[in-house]
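Read the structure below first, then the notes.
The values are calculated or read from the model by the stated rules, or taken from the named source; none is laboratory data. Computed from a predicted structure; not experimentally measured. Heads up, the Cβs are rebuilt from the backbone with ideal geometry, glycines too, and the neighbour counts pull from every protein chain shown.
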Amino acid sequence: MSATLKPKVLFIGFGHLAKSLLSKNLLNSVNIHALNSKGAIKNINLKKKISNIKNDYNYIFLLIRPNTFLTSGNQFQKYLSKETLVISCMAGVKLSTIEKTLKSKKIIRIMPNVMAYNSKSQTHIYMKNKNLFDNKLKKILSTFGTIINVRSEDQINFATSVFGSGPAFIAYIVNIFVKATKKLAKPFKMNEKDVIELFKNVLETNYSSKMLDEFVSSIASKKGTTKAGVNYIKSQNIEKIIYTTFQKAYKRAKEIDSEKKKAKY
Ligand SMILES: NC(=O)c1ccc[n+]([C@@H]2O[C@H](COP(=O)([O-])OP(=O)(O)OC[C@H]3O[C@@H](n4cnc5c(N)ncnc54)[C@H](OP(=O)(O)O)[C@@H]3O)[C@@H](O)[C@H]2O)c1
């Protein structure tokens, strides 16, 4: 597709998530400008600064932190035209708040994650008006990975906890595993890559909760080594710890919108 026919996209905010959305697929399908905290706009495809700003964007992605939007989101109204569809990636900020702040009804909420860079994000999407989701938008969002449509806005809070924050929880847990095995391996030589590979191998052969349960039972024979470890891990209430981790992130996502008291409309 020639550069002029590609949809024009503005990223408001160019931090961790924004940068991880920039897969080759996305850069091939759209022209991206990015606005930074100093009000400067850069053409990301051509890697150069833009001096004359036109508000002719087809899509605007909100990639600033919720607090930035809740306290001074109305400053972004000037980048919208009647045609612009706004795609909010922000955790917690409700559709109704974004509508009021930007004075637009053409808004959808999505919850991608940083794995979009490798087209591995499982992006949850919520909108009131289903007509906003056309094939052009589907093509753009598919560059992030798979798309999961949700019916209730609260499901975006769930997705924020499990699919937005979840990758960090998984990385933290795997790293605890790696560090613990390294500690145990002190007198011997151990390659940490082998332990990470072990995680991948277990998941490759077990892809449902039932299979994982059966997998544990098949290894944990009576009075054996696995049983000794499994009994201990169960006694430490790990289920409660993991559940509470997700619940805390979910509750945090739910309370963000009520922090808009200081917002200026
Ligand atoms: N990180 C994730 O994995 C993830 C996943 C799902 C959703 N989200 C959501 O994505 C949003 C961004 O998260 P993030 O982790 O990418 O945060 P981040 O790394 O802090 O990025 C925020 C960016 O916004 C810029 N910014 C601040 N004020 C601005 C303004 N007035 N105009 C334009 N840009 C401004 C910041 O620029 P400066 O650096 O110059 O201050 C920064 O580059 C959040 O709402 C979060 O809830 C994040």
Where a residue in region 57-77 is without any contact (Cβ under 8 Å) to a residue 60 or more places away in the chain and within 6 Å of the ligand (Cβ to nearest atom) and its partner, wherever it lies, is hydrophobic (A, V, I, L, M, F, W, C) and part of a helix (DSSP H, G or I), with Cβ under 7 Å and at least six apart: 63/17; 63/18
Failed criterion for residue 19 (all others in (1) crowded, with 17+ Cβ neighbours inside 10 Å; (2) under 20 Å from residue 116 (Cβ atoms); (3) within 13 Å of the ligand (Cβ to nearest atom); (4) not aliphatic (A, V, I, L, M) hold): (1)
Odd one out for residue 95 among (1) more than 10 Å from the ligand (Cβ to nearest atom); (2) surrounded by fewer than 17 Cβ atoms within 10 Å (Cβ to Cβ); (3) farther than 23 Å from residue 38 by Cα: (2)
Answer from 4, 68 - the residue that is among the hydroxyl-bearing types (Ser, Thr, Tyr) and either surrounded by fewer than 16 Cβ atoms within 10 Å (Cβ to Cβ) or at pLDDT below 95 (or both): 4
Condition check for residue 85: in contact (Cβ under 8 Å) with a residue 40 or more places away in the chain and near the ligand (Cβ under 9 Å from one of its atoms): no
Residue 11 vs. criteria of a type in the set (Phe, Trp, Tyr) and out of contact with any His (no Cβ under 9 Å at 6 or more places or on another chain): no
Scope region 127-185; condition within 16 Å of the ligand (Cβ to nearest atom) and either over 16 Å from the mean Cα position of the chain (by Cα) or at pLDDT below 95 (or both); matching residues: 172
Selection within region 215-248 - assigned to a loop (DSSP other than H, G, I, E, B) and within 33 Å of the chain's Cα centre (by Cα): 236, 237
